[in-house]
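Report on the following structure.
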Amino acid sequence: MSQTSQLLAALIGHYRRADRDRDGELLATEVTAPGSTRRCDLLRISTRTGQEGIDVHELKVSRSDWRRELADPDKAGAWLPYCSRMWVVAPPGLIRPAELPAGWGLMEPPTASRRRRFRVVVEAATRTPQLTTGLLLEVARRVDNLRLAQLEAERLKHQEAAEKARDRYHSQINDLTYELNFRRSA
């Protein structure tokens, strides 16, 4: 698993405990900004009291990746009108708070492996997002594609389990048939 995939999995775990009900928020990866080709790493739409809004997360795992982000302001700029908060998420010490564009927040994963909550190093400024048809369509499209991919993965997992069970069943039938034939001939 790549460093970025590990950071993304940890960030999703920050928002969702596996043993809790998941009402109150929507998480989607690789969502394209309306009217753009720019994607965010994680989009969070929350309806939880005190946390309402649309959070855009950009994950950075290297200084060079962070420098590329800073050199291309259009990437994040495509999402700014549509989000309540803009976050950069990076390993501890990778990004200095003074480097953040105005209004951006900085989150870092926990340093202890048993913890799941990220540390907010710099709080993101809150703005009122533009809620457009384009935004709704992009979010719906991505969420639908993610759900379809999850359903297909589950279907394949169950198909594989059914095929293994069928193979075990046929093997047992063959063994019993052999044993019966052996007893008859003895």
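One residue stands out in the range 132-158 among those that are under 18 Å from residue 39 (Cβ atoms) and among the β-branched types (Val, Ile, Thr): the one that is nearest to the chain's Cα centre (by Cα), namely 143. What do you reckon, is residue 33 touching a residue at least 12 places away in the same chain (Cβ under 8 Å), farther than 20 Å from residue 108 by Cα and of a type outside the set (Ser, Thr, Tyr)? Yes, satisfied.
The number of residues in the range 8-25 being open to solvent by 50 Å² or more (accessible area, probe 1.4 Å) and modelled with pLDDT of 90 or more comes to 2. What are the residues in the range 3-17 that are without any contact (Cβ under 8 Å) to a residue 24 or more places away in the chain and of a type in the set (S, T, N, Q), if any? Residues satisfying the conditions are 5, 6. Among the candidates 84, 62, the residue that is modelled with pLDDT of 95 or more, small (Gly, Ala, Ser), over 19 Å from residue 35 (Cα atoms) and open to solvent by less than 70 Å² (accessible area, probe 1.4 Å) is uniquely 62. Scoring residue 81 on the criteria (1) free of Cβ contacts under 8 Å to residues at least 40 places away in the same chain; (2) more than 16 Å from residue 11 (Cβ to Cβ); (3) part of a helix (DSSP H, G or I); (4) not hydrophobic (A, V, I, L, M, F, W, C) leaves a single failure, condition (1).
Here residue 92 clears all of (1) surrounded by 14 or more Cβ atoms within 10 Å (Cβ to Cβ); (2) touching a strand residue (DSSP E or B) at 6+ places or on another chain (Cβ under 6 Å); (3) at pLDDT 95 or above except the condition numbered (1).
Restricting attention to the range 124-154, the residues that are free of Cβ contacts under 8 Å to residues at least 60 places away in the same chain and surrounded by 12 or more Cβ atoms within 10 Å (Cβ to Cβ) add up to 5. A Cβ distance below 6 Å, combined with a sequence gap of six or more or placement on separate chains, defines the contacts here; from the range 58-77, residues that are touching a residue at least 24 places away in the same chain (Cβ under 8 Å) reach residues that are open to solvent by 50 Å² or more (accessible area, probe 1.4 Å) in the pairs 59/4; 61/3; 61/4; 75/38.
The values are calculated or read from the model by the stated rules, or taken from the named source; none is laboratory data. Keep in mind that this is a model prediction, so the values were computed, not measured. Quick reminder, even Gly has a Cβ in these numbers, built from the backbone with ideal geometry, and neighbours come from all protein chains shown. All accessible areas refer to the heavy atoms of the entire protein, side chains included, with ligands and DNA or RNA removed. Shrake-Rupley method; radii C 1.70, N 1.55, O 1.52, S 1.80 Å.
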